[in-house]
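Student: To start, I am sharing the structure in question, which I have written as structure tokens.
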Amino acid sequence: MKTVNSISSSKKFDKGHVFYRFEDNQFYINNLMSFIKNGLESKQCILIIENMRELPQIKANIDKEFSHQQKEAIRLVNNFDYYLANGDFHTKTILTHFQEDLSILKTKNTLIRTWAHVEWASEEPDILLLEEFESTADNFVKEEGMISVCAYAAESLSSALDTTLQQLHQYIMTDDTFSISPFYNE
């Protein structure tokens with residue numbers, strides 16, 4: 001199993017906003033499962049925002065790898081409700097769903113980490129809307145002192161969008177690398 005050690009197993013990495021540009025679906029699933037495992041080992045609750053195509057495989061992997069008690073700390077939600085339910089990439093709707101899901105996990109009185117597979121319906125998202133959303137998310141992640149991964153399929157990213165995302169995240173991750181973003185604008 002190929003994983004990014006810096007995020008999946010490092011005890012030093014305990015907070016931050018990560019832009020994950022993935023190309024290989026199996027590496028993506030492996031990295032997500034390592035992220036979940038590391039969170040559970042750190043006694044954290046985990047919010048996974050994922051698309052309908054991947055949810056069955058992720059759920060099957062979770063059912064196979066984790067105990068009932070561990071599974072209670074994992075919340076899986078369909079990313080359609082976040083990114084597409086009120087039209088294409090409506091920031092207010094996304095943030096409302098995010099707050100609702102986090103409040104459910106916060107009742108367990110523990111730290112939370114999040115992983116979101118970000119998608120949109122249009123051929124190319126509105127960069128200004130995406131900037132607004134990711135900037136708001138970045139501020140929230142810093143205030144809460146949490147780990148939050150925003151995963152994007154590499155094939156859906158233009159070079160301008162890729163650069164914008166590198167500016168809005170402290171860390172950049174690919175299927176097999178993890179680094180501090182040299183373009184991050186606090």
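Student: For every helix of n ≥ 4 consecutive DSSP H residues, a contribution of -39,500 (n - 2.57) applies; sum these over the chain, divide by its total residues, and give [θ] at 222 nm rounded to the nearest 500 deg cm²/dmol. Mind showing how you got there, number by number?
Tutor: Numbers: 8 runs with 84 residues, N = 186.
Calculated mean residue ellipticity at 222 nm is -13500 deg cm²/dmol.
Student: Now, a different point. Decide, for the chain, between rounded, prolate and oblate: order the square roots of the alpha carbon gyration tensor eigenvalues as a ≥ b ≥ c, take rounded if a/c falls under 1.5, and otherwise choose prolate if a/b is larger than b/c, else oblate.
Tutor: rounded
Student: Could you work out which residue, out of Ser156, Ser148, Ser67, moves most in a Gaussian network model of the chain, that is, has the largest mean-square fluctuation with Cα springs under 10 Å?
Tutor: The residue with the greatest mean-square fluctuation here is Ser67.
Student: If neighbour count is taken as other Cβ atoms inside 10 Å, put Ile180, Ile46, Ile62 in order from fewest to most.
Tutor: Sorted ascending by nearby Cβ count, the order is Ile180, Ile62, Ile46.
Student: Next up: Mind sorting Phe133, Phe178 by how few other Cβ atoms lie within 10 Å of their own Cβ, fewest first? Mind dumping the intermediate values first?
Tutor: On the way: Phe133 23, Phe178 19.
With the sparsest Cβ surroundings first, the list reads Phe178, Phe133.
Student: Continuing with the same structure: Short version: ³J(HN,Hα) in whole Hz for each residue of the stretch 23-30, in order, from phi by Karplus 6.51 cos²θ - 1.76 cosθ + 1.60 (θ = phi - 60°), x for Gly and Pro, what are they?
Tutor: Once θ is set to phi - 60°, the couplings for the stretch 23-30 become 10, 10, 5, 5, 4, 4, 4, 4 Hz.
Student: Right, something else. Amide H of Asp14 versus every other amide H placed in the peptide plane: which residues, excluding those fewer than 5 positions away on the same chain, fall under 5 Å?
Tutor: Those qualifying (amide H under 5 Å, at least 5 residues apart or on another chain) number zero.
Student: Let me know the shape class of the stretch 124-184, please: from the alpha-carbon gyration tensor, a ≥ b ≥ c as square roots of the eigenvalues, rounded when a/c is under 1.5, otherwise prolate if a/b is greater than b/c, or oblate.
Tutor: Cα axes put the stretch 124-184 in the oblate bin.
Student: Something else about it: Just to confirm my numbers, what's the Cα centroid distance between the stretch 134-157 and the stretch 41-82 in Å?
Tutor: Cα centres, the stretch 134-157 to the stretch 41-82: 18 Å.
Every read-out reported here was derived from the displayed coordinates using simple, explicitly stated rules and does not represent laboratory data. A quick note: this is a predicted structure, and the numbers were derived from the prediction, not measured. Here the Cβ is made from the backbone with ideal geometry for all residues, glycine too, and neighbour counts use every protein chain on show.
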